[in-house]
Amino acid sequence: MILWQESYSTGVAELDKQHKALFQCTNELGKAIEDNALSPRIIDETLIYLKKYIQVHFGHEETCMHRFACPIATKNKEAHEKFIQKFKTLEEKIKSDETKDEPIIELHHFLETWLVDHIGRIDTQLKPCAPPQSI
């Protein structure tokens, strides 16, 4: 379980709200795995949530980074593209694997790593660029 910390803040309230929701989704998936309680419903809800997150969050965050002239905007966009490709690969594995255990565990690990490595090291670099009213 990885908990939200203020050190993950981007300085943009809406982005932080979306990040917190991703933390929650990731932790709920981890709990289901840990409790051996994975179900088709949990898996489907997770995949649907992540597709929506990709569509809504990535675009919004990229727009903010561009608008606030964040020097890491290009690196952020490239990381999002890699996330999308990895997610698509894992989604295909999940849909084709009868047990779904291995690819869903891989997805969970990927999400946990993303929370720490991407949000904690890249997204947070938006904070000094964001105007105070964004906080």
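Which is of a type outside the set (S, T, N, Q), more than 21 Å from A13 (Cα to Cα), more than 13 Å from the chain's Cα centre (by Cα) and at pLDDT 95 or above, of K95, K77, K31, K51?
Working: K95 fails: at pLDDT 95 or above; K77 fails: more than 21 Å from A13 (Cα to Cα); K51 fails: more than 13 Å from the chain's Cα centre (by Cα).
Answer to the selection: K31.
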### Query
With respect to E92, is the statement that it is under 19 Å from W114 (Cα atoms), assigned to a helix (DSSP H, G or I) and acidic (D, E) true?
no
### Message
Return the pair list, or none, for Cβ contacts closer than 8 Å from residues in the range 10-23 that are small (G, A, S) to residues that are part of a helix (DSSP H, G or I), at least 6 apart or on different chains.
### Response
G11/L126; G11/S134; A13/S134; A21/Y53
### Message
Restricting to the range 94-130, count the residues that are hydroxyl-bearing (S, T, Y) and within 22 Å of H66 (Cβ to Cβ).
### Response
1
### Query
Would you call I105 exposed (fewer than 15 other Cβ atoms within 10 Å of the Cβ), in contact (Cβ under 8 Å) with a residue 60 or more places away in the chain and either touching a Pro at 6+ places or on another chain (Cβ under 7 Å) or part of a helix (DSSP H, G or I) (or both)?
yes
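For the structure I just gave you, tell me whether I43 is among the hydrophobic types (A, V, I, L, M, F, W, C) and either surrounded by fewer than 18 Cβ atoms within 10 Å (Cβ to Cβ) or over 23 Å from E6 (Cβ atoms) (or both).
Yes, satisfied.
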### Query
Is there a residue being touching a Ser or Thr at 6+ places or on another chain (Cβ under 8 Å), touching a residue at least 40 places away in the same chain (Cβ under 8 Å) and in a loop (DSSP other than H, G, I, E, B) anywhere in the range 110-133?
yes
### Message
Could you go through the range 27-34 and let me know if any residue there is of a type in the set (A, V, I, L, M, F, W, C), surrounded by fewer than 19 Cβ atoms within 10 Å (Cβ to Cβ), touching a residue at least 60 places away in the same chain (Cβ under 8 Å) and at positive phi.
### Response
no
### Query
Is it the case that the range 28-45 has a residue that's assigned to a helix (DSSP H, G or I), farther than 24 Å from P131 by Cβ and in contact with a Phe, Trp or Tyr (Cβ under 9 Å, 6 or more places away or on another chain)?
no
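Kindly check whether there is at least one residue in the range 60-83 that is part of a helix (DSSP H, G or I), without any contact (Cβ under 8 Å) to a residue 12 or more places away in the chain and closer than 23 Å to L3 by Cβ.
no
Table: residues versus (1) surrounded by 13 or more Cβ atoms within 10 Å (Cβ to Cβ); (2) under 22 Å from Q24 (Cα atoms).
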site: Q55; (1), (2): no, yes
site: F58; (1), (2): yes, yes
site: C64; (1), (2): yes, no
site: V116; (1), (2): no, yes
site: I119; (1), (2): yes, yes
site: C129; (1), (2): yes, no
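The values are calculated or read from the model by the stated rules, or taken from the named source; none is laboratory data. Since we're looking at a predicted model, the values are computed, not measured. Please note: Cβ atoms are built from the backbone with ideal geometry, for glycine as well, and neighbour counts cover all protein chains shown.
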